[in-house]
């Protein structure tokens with residue numbers, strides 16, 4: 001059953017060509033007409049979101065992404081079209097909107113909790129959880145105006161997450177906070193995905209769209225340009241922005257090599273069921289999947305990868321040559337998919353995967369990219385080292401023969417007296 005149905009949505013804004021900043025300018029403007037420009041943000045957009053799905057909306061600036069979310073949330077009324085929503089909805093569009101700078105952190109969260117409809121009997125607990133999640137326990141009694149912009153964004157995000165809702169609308173909110181806070185946010189969304197919440201997310205982070213979303217929608221000039229599988233929709237978007245924004249959009253690390261013959265397209269980590277994941281329990285199996293785009297003929301290219309810890313230390317690396325695997329000749333227009341079953345025999349921590357491809361003789365790197373995929377290992381009892389060998393300690397108490405039946409002190413004295 002659809003959780004959201006948007007049919008033929010139109011939204012137009014009037015943008016004045018003059019901006020009046022003084023009283024004199026405003027008075028004089030009455031005597032002459034003001035010209036406006038019509039900006040059609042949405043032009044007949046249709047969107048159906050089934051309950052329990054995670055939808056990503058992508059597109060360039062001004063394509064209508066944020067406007068569409070605001071129309072769905074009810075913050076904006078469409079000029080034409082209909083919106084139907086089944087279930088309660090929480091919109092994380094502008095973090096911290098409605099906070100008062102003169103109130104304390106705790107007071108702001110309590111006020112926001114009431115607006116978001118927290119259950120009254122649970123407000124105190126959820127307020128504490130929001131402050132803890134934002135990492136602001138030390139500042140709970142500080143006025144909001146004394147916090148940094150990043151702290152306020154974290155607080156707004158953490159507070160909004162506490163609201164119970166069937167549907168969540170997210171607008172570019174995965175970039176708040178430092179690396180540790182972002183990791184917590186990603187864990188929350190993995191939990192939402194596992195619980196089959198209905199989520200519509202606007203994001204410029206294509207890797208996150210690929211990681212979380214079941215489907216993607218591309219908006220171009222207020223219209224739907226493509227929809228469907230995230231890989232296909234993202235590829236369509238990258239074509240529209242030009243060759244300089246192709247696979248680089250997926251990676252944070254440095255690309256080594258020109259990528260003219262074979263190019264790393266994207267990579268991810270799956271669980272045993274084929275679901276893309278960002279966390280794996282120590283000792284569990286997982287699969288690395290990497291896609292390469294073939295641009296020129298290549299005979300038996302060598303494919304490989306390396307896994308690094310947070311300190312940059314390589315904990316494992318291998319390639320098809322070392323494994324005595326000979327690939328075949330490939331041609332332009334083809335895609336190579338490398339799948340590598342692995343076991344997370346690693347201690348807790350964050351790990352990144354770099355992948356590469358070279359010619360058959362290992363003399364020319366066609367392409368090599370760091371941070372193609374990232375994952376977190378949890379649940380390990382290991383505290384030091386680069387590997388978790390899944391050691392399990394067992395023990396028993398072993399006694400010597402004369403201790404099998406220890407004698408009482410009095411009895412020993414008696415024996416000594418009889419000698």
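Readers should treat all values here as calculations from the given coordinates under stated rules, not as data from a laboratory. Keep in mind that this is a model prediction, so the values were computed, not measured. Methodologically, a virtual Cβ is constructed for each residue, glycine included, from the backbone with ideal geometry; neighbour enumeration extends over all protein chains shown.
Between residue 1 and residue 328, what length comes free when the chain is fully extended (0.36 nm per residue of separation minus the Cα-Cα distance, one decimal in nm)?
So the chain would gain 113.1 nm between residue 1 and residue 328.
What's the FRET efficiency of residue 289 with residue 400 using the Cβ-Cβ distance as r and R₀ = 51 Å, to the nearest 0.05?
Result of the calculation: an efficiency of 0.30.
Rounded to whole Å, give me the distance from the Cα center of region 298-317 to that of region 132-152.
Taking the Cα centre of each part, region 298-317 and region 132-152 sit 41 Å apart.
Going by how many other Cβ atoms sit within 10 Å of their own, how do 358, 394, 240 line up, fewest first?
Ranked by crowding around the Cβ, least crowded first: 394, 240, 358.
If I model a spin label as a point 7 Å beyond the Cα along the Cα-Cβ vector, how far apart are those points for residue 111 and residue 335 in nm?
5.0
Could you please rank 101, 10, placing first whichever residue has the fewest other Cβ atoms within 10 Å of its Cβ?
With the sparsest Cβ surroundings first, the list reads 101, 10.
What number does region 247-378 give for Rg over Rh if you use C-alpha atoms and the Kirkwood radius?
Answer for region 247-378: 0.96.
Starting from 0.36 nm per residue, how many nanometres of slack lie between residue 83 and residue 393 once their C-alpha separation is accounted for?
Extra length from residue 83 to residue 393 when fully extended: 105.6 nm.
Pulled fully out, how much extra length does the chain show between residue 50 and residue 220, if you take 0.36 nm times their separation in residues and subtract their Cα-Cα distance?
59.0 nm
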